[in-house]
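Readers should treat all values here as calculations from the given coordinates under stated rules, not as data from a laboratory. From a predicted model like this one, the values you see are computed outputs, not experimental measurements. Virtual Cβ from ideal backbone geometry, glycine too; neighbours counted across all protein chains shown.
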Amino acid sequence: MPGAVKTEAVVLRSIRFGEADRVLHLYAERRGRIGAIAKGSRRPRSRFGGRLEPFFRLDLVLHEGRGELMTVTSAATVAAHPRLRESGPALGAAARACDSVLRLLDAPDPNDAAYNLLCRYLALLDERGDAGHATALSFRLKLALAAGFVPELSACAHCGEGDGLVAFSGSAGGVVCGACEAGGFEISAEAHRFMVDALGRPLAEAPAAEGRTLRQVERAVNETVEHHAHVRLRAAA
């Protein structure tokens, strides 16, 4: 039904539109992925100021009409993440995180786990200036879980065997045993353990890893969502 919608949301993308407007891609606490237009927001004396930029966390009032885009009628800042904006690595990490949300979560339905995860990751980037590759991959694993595409890690995704898990298959959707590894790629015990630990720990306590381990983890996540969500994610770092 048309009318006013009040929700907290993160700006994923902000696009100039016409002479003075902005079109926003938002991930909203109460509505999931939504699009909105902020009319007159690029005028010098706009009531929105500069708060409709990517990575802002906002309290919004939107008007929902019959078109595809809602209209922003009010916006108050919850978190501006100013330190994030002063760091090139943090800006890049935030942009990749928001792009992952855009690609993996396209439904206009609330997803508390995904929304809270995105807010926590942006806050970490603001606190630290950059959270690093390992934390970025932990974010992606948790996002895949929230989106319903987390890889199987406890047993062979093909036959259910719990031992001898030596490879990863995106098409099968997780780790596979030696008998089922055809079509997969070799995965180290360290990479397997990283994924299990990353899913089990808070984002701020992402396990430490580097080099070959992180490359294998990234490949595992990317191949899983490519096969099962039909989306391709940008490089995590």
Practice problem: Compute the long axis of helix 88-104 from its Cα atoms, compare it with the longest principal axis of the Cα atoms of the chain, and write down the angle in degrees, 0 to 90, nearest 10. | Solution: 80
Quiz prompt | Residue exposure sequence - Cys159, Cys119, Cys98 - by fewest surrounding Cβ within 10 Å | solution = Cys159, Cys119, Cys98
Quiz item: Equivalent-ellipsoid semi-axes (√(5λ), Cα gyration tensor) for the chain, whole Å, largest first?
Solution: 37, 19, 13
Quiz prompt | Kirkwood Rh (inverse of mean 1/r, distinct Cα pairs), the range 52-113, angstrom | solution = 13.7
Quiz item: By how many degrees, between 0 and 90 and to the nearest 10, does the Cα long axis of helix 132-147 differ from the longest principal axis of the chain?
Solution: 80
Quiz item: Kirkwood Rh, Cα Rg: Rg to Rh for the range 149-237?
Solution: 0.95
Quiz item: For helix 189-200, what angle does its Cα long axis make with the longest principal axis of the chain, in degrees from 0 to 90 and rounded to 10?
Solution: 40
Quiz item: Once label points are set 7 Å from the Cα along Cα→Cβ at both Arg16 and Ala235, what is their separation, rounded to one decimal in nm?
Solution: 2.9
Self-check item: Approximate shape of the range 3-79 as ellipsoid semi-axes (Cα gyration tensor, √5λ), whole Å, largest first
Solution: 17, 14, 11
